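Below is one structure; the comments refer to it alone.
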Amino acid sequence: MSEDKQKIPSIDELILDNNIVINEVYVKAYYSPIYKLFLIIWDGVFSDQEYKNVFDQLLDFAKINKTIGVYSDVRRQGKVSLEAREYFKKHISPAGDALGMKRAAAIIDSSPFKLMYVNALIKISGQRAKVFSNPEKALAYLLEG
């Protein structure tokens, strides 16, 4: 890596207790003020309303804290209903675009269902987004510009 490129931090350097924005049983969301990123770590089952609330809270937070990208680890995420995906498409994605969120990276396992879900979100969001199996590569993508 050339000297003019910034060092990419590890995920563990960014998901710290003092960076936590949402702390629920099924999700933890962090904000890095240095890199202006949300890092969302899903862990379990949630209702449609809980899913919507996570994104609504993050958007409210982003209104006063510049955010350029979203890292979402969905490897242990519960099922996202069609209704919740539609809400994301119609409300969350346009609002994120309006707030300047330019990139998104999803971290998945080898599950074909998760790949299908994430690709559908990417397609409907209109944002520059990519799917990764390696968290550090996802973070590098978000920080590359």
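Here are the numbers for the structure shown:
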{"item": "Selection count, the range 13-71, where residues are part of a strand (DSSP E or B) and without any contact (Cβ under 8 Å) to a residue 24 or more places away in the chain", "result": "5"}
{"item": "Condition broken by Ala95, with the remaining ones in (1) modelled with pLDDT under 85; (2) assigned to a helix (DSSP H, G or I) satisfied", "result": "(1)"}
{"item": "Only listed residue being over 17 Å from Tyr141 (Cβ atoms), out of contact with any Cys (no Cβ under 9 Å at 6 or more places or on another chain), among the β-branched types (Val, Ile, Thr) and surrounded by 14 or more Cβ atoms within 10 Å (Cβ to Cβ), chosen from Ile22, Ile11", "result": "Ile22"}
{"item": "Given (1) at pLDDT 85 or above; (2) surrounded by 14 or more Cβ atoms within 10 Å (Cβ to Cβ); (3) under 15 Å from the mean Cα position of the chain (by Cα), number of the condition Lys114 does not satisfy", "result": "(1)"}
{"item": "Qualifying residues in the range 21-52 (those that are aliphatic (A, V, I, L, M) and over 21 Å from Lys66 (Cα atoms)) - the one modelled with the lowest pLDDT", "result": "Val45"}
{"item": "Residues (buried (at least 17 other Cβ atoms within 10 Å of the Cβ) and out of contact with any strand residue (DSSP E or B) (no Cβ under 6 Å at 6 or more places or on another chain)) located in the range 37-57", "result": "Phe46, Tyr51, Lys52, Phe55"}
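Yes/no matrix, rows are residues, columns are (1) among the small types (Gly, Ala, Ser); (2) more than 16 Å from the chain's Cα centre (by Cα):
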residue: Ala29; (1), (2): yes, no
residue: Pro33; (1), (2): no, no
residue: Ile40; (1), (2): no, no
residue: Phe55; (1), (2): no, no
residue: Leu82; (1), (2): no, yes
residue: Ala95; (1), (2): yes, no
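The values are calculated or read from the model by the stated rules, or taken from the named source; none is laboratory data. If you're wondering where the values come from, they're calculated on a predicted model, not measured in any experiment. All Cβ positions, glycine included, derive from the backbone under ideal geometry; neighbour counts span all protein chains shown.
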